[in-house]
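> Structure provided below as structure tokens; questions to follow.
The values are calculated or read from the model by the stated rules, or taken from the named source; none is laboratory data. This is a predicted model, so every value here is computed, not measured. Here the Cβ positions follow ideal geometry from the backbone for every residue, glycine too, while neighbour counts run over all protein chains shown.
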Amino acid sequence: MNKIEVIRNACLQAKSNGIKLFTGGHWFDLTGKGESKLISCCAIGAVLLTDKNFVFATDHSKPGYTEKACQMLEVEDNWLVRFWMGFDRGHQVLLINDKDKEIKDDVSAFGIQLAKELADKK
């Protein structure tokens with residue numbers, strides 16, 4: 001399964017488990033003090049949740065989240081940044097090709113499309 005399918009499937013799985021997807025926020029949102037129930041997450045947070053051994057931090061310190069997500073998706077961290085620019089910010093990244101022409105980045109475009117398709121705005 002390619003990384004796009006992994007992200008989409010993780011988001012769908014999270015939603016089917018009653019977890020809302022949001023844009024422009026923390027990796028995870030928790031309720032209450034003490035028991036801290038997970039109520040929502042970002043798209044990449046949903047990917048992390050598919051790892052049965054994943055434990056999220058209740059203080060939003062993000063211990064190793066980026067590295068773990070990169071490993072799971074087999075991407076570099078700049079790929080995640082481009083995805084977040086689309087998903088979280090709705091920003092289409094433009095790249096310069098070898099002929100000095102601007103081209104639309106497909107990763108941020110996918111992020112924009114997925115947010116429109118699945119995210120519950122915060």
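> Taking only segment 81-122 into account, find how many residues are buried (at least 18 other Cβ atoms within 10 Å of the Cβ) and β-branched (Val, Ile, Thr).
The total comes to 3.
> For segment 64-81, enumerate the residues that are farther than 25 Å from Asn53 by Cβ and either among the polar types (S, T, N, Q) or modelled with pLDDT of 95 or more (or both). Spell out the reasoning first.
Taking segment 64-81 as the starting set, the residues that turn out to be farther than 25 Å from Asn53 by Cβ are 78, 81.
The one that is farther than 25 Å from Asn53 by Cβ and either among the polar types (S, T, N, Q) or modelled with pLDDT of 95 or more (or both): Asn78.
> Considering only segment 1-17, state which residues are among the aliphatic types (A, V, I, L, M), within 17 Å of Phe28 (Cβ to Cβ) and touching a residue at least 40 places away in the same chain (Cβ under 8 Å). Even if it seems obvious, please write down each step before you answer.
First pass over segment 1-17, keeping only residues among the aliphatic types (A, V, I, L, M): 1, 4, 6-7, 10, 12, 14.
Keeping just the survivors that are within 17 Å of Phe28 (Cβ to Cβ) gives 7, 10, 14.
Once the filter is applied, which keeps residues that are among the aliphatic types (A, V, I, L, M), within 17 Å of Phe28 (Cβ to Cβ) and touching a residue at least 40 places away in the same chain (Cβ under 8 Å), segment 1-17 yields Ile7, Ala10.
> Moving to a separate point now. Looking at (1) part of a loop (DSSP other than H, G, I, E, B); (2) modelled with pLDDT under 85, which is the one condition that is false for Leu30?
Unmet condition: (1).
> Any residue that is surrounded by 15 or more Cβ atoms within 10 Å (Cβ to Cβ), of a type in the set (Val, Ile, Thr) and under 23 Å from Leu12 (Cα atoms) - is there at least one of those in segment 68-75? Outline the logic, then answer.
Here is the first cut: in segment 68-75, the ones surrounded by 15 or more Cβ atoms within 10 Å (Cβ to Cβ) are 68-70, 72-73, 75.
Right, trim to of a type in the set (Val, Ile, Thr) and you get 75.
Filter again for under 23 Å from Leu12 (Cα atoms), leaving 75.
Scanning segment 68-75, I find at least one residue that is surrounded by 15 or more Cβ atoms within 10 Å (Cβ to Cβ), of a type in the set (Val, Ile, Thr) and under 23 Å from Leu12 (Cα atoms), so the answer is yes.
> Take the residues of segment 80-105 that are in a helix (DSSP H, G or I) and without any contact (Cβ under 8 Å) to a residue 40 or more places away in the chain: which is nearest to the chain's Cα centre (by Cα)?
Among those that are in a helix (DSSP H, G or I) and without any contact (Cβ under 8 Å) to a residue 40 or more places away in the chain, it is Leu80.
> Please determine, by comparing only the residues of segment 1-27 that are assigned to a loop (DSSP other than H, G, I, E, B) and modelled with pLDDT of 85 or more, which one is nearest to the chain's Cα centre (by Cα).
Phe22
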